[in-house]
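Please treat every number below as a calculation from the coordinates, not as lab data. Values in this document were obtained by computation on a predicted structure and should not be read as measured data. Positions of Cβ are backbone-derived with ideal geometry, glycine not excepted, and every protein chain shown enters the neighbour counts.
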């Protein structure tokens, strides 16, 4: 059974539907909430929500970036179908949804910002690939904002040191951290 949730973010409401089998089907998880609470989006920019799931992070970015554009990217068809429905539910005209293995559907695009709450259950090599591919799809001075569980922070920081020398922890939650990494 589908579940429609209304959440308040940064002065506005967003409705989103969840489904069994889609990450965080019962509502917003603490990692996603921490990421959203620490989003900084300049207007008139191109933003990607990598591994978008329901599309909630990208939809908040779209509300903060009304004259810009947001791409929701996910490699699961059910997530993409749900994200499209959620974009329509919120009447967002500045969002496009792509079925994409990482950046495969938008391989020629570069972004001002990329937001990601990666599925850490897929392992460290996948996390490394997300970071490397994000670097390759950022404009100069572009920013990757990543929320991860604290138990993989040391591993992620070792990767970031090589790929994104300029990075910092911008938020600490009970179980998660948000890392901001800037491309030179």
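Could you give the spread of the C-alpha atoms of region 83-152 along their three principal axes, from largest to smallest, in whole angstroms?
For region 83-152, the Cα spread along each principal axis is 37, 27, 20 Å.
Rank these for me by crowding, 158, 19, going from fewest to most other beta carbons within 10 Å. Mind showing how you got there, number by number?
On the way: 158 10, 19 15.
Fewest to most other Cβ atoms nearby, the residues stand as 158, 19.
Using only Cα atoms, tell me the angle between helix 153-163 and the longest principal axis of the chain; keep it within 0 to 90° and round to the nearest 10.
Rounded to the nearest ten degrees, it is 70.
Out of the DSSP beta bridges found with both residues in region 30-182, what percent are antiparallel (nearest 5)?
Numbers: 13 of 32 bridges.
Approximately 40 percent, going by the DSSP bridge assignments.
Give me the log10 of I(q) over I(0) for region 30-182 at q = 0.17 Å⁻¹, as the Debye formula computes it from C-alpha points; what are the numbers?
Listed by q, the Debye log ratios stand at -0.92.
Modelled label-to-label distance, residue 67 and residue 37, 7 Å Cα→beta-carbon offset: nm?
In this crude spin-label approximation the distance works out to 3.1 nm.
Measure nothing but the geometry: give the 0 to 90° angle between the long axis through the Cα atoms of 77-89 and the longest principal axis through the Cα atoms of the chain, rounded to 10°.
With rounding to tens, the tilt is 60 degrees.
Please work out whether region 142-184 counts as rounded, prolate or oblate from its C-alpha gyration tensor, where a ≥ b ≥ c are the square roots of the eigenvalues and a/c under 1.5 means rounded, while otherwise a/b larger than b/c means prolate and anything else oblate? Spell out each step's value before the answer.
Working: a/c = 2.80, a/b = 1.51, b/c = 1.86.
Oblate, because a/c is 1.5 or more while a/b does not exceed b/c.
I'd like the distance separating the alpha-carbon centroids of region 139-165 and region 56-87, in whole Å.
Value for the Cα centre distance between the two parts: 22 Å.
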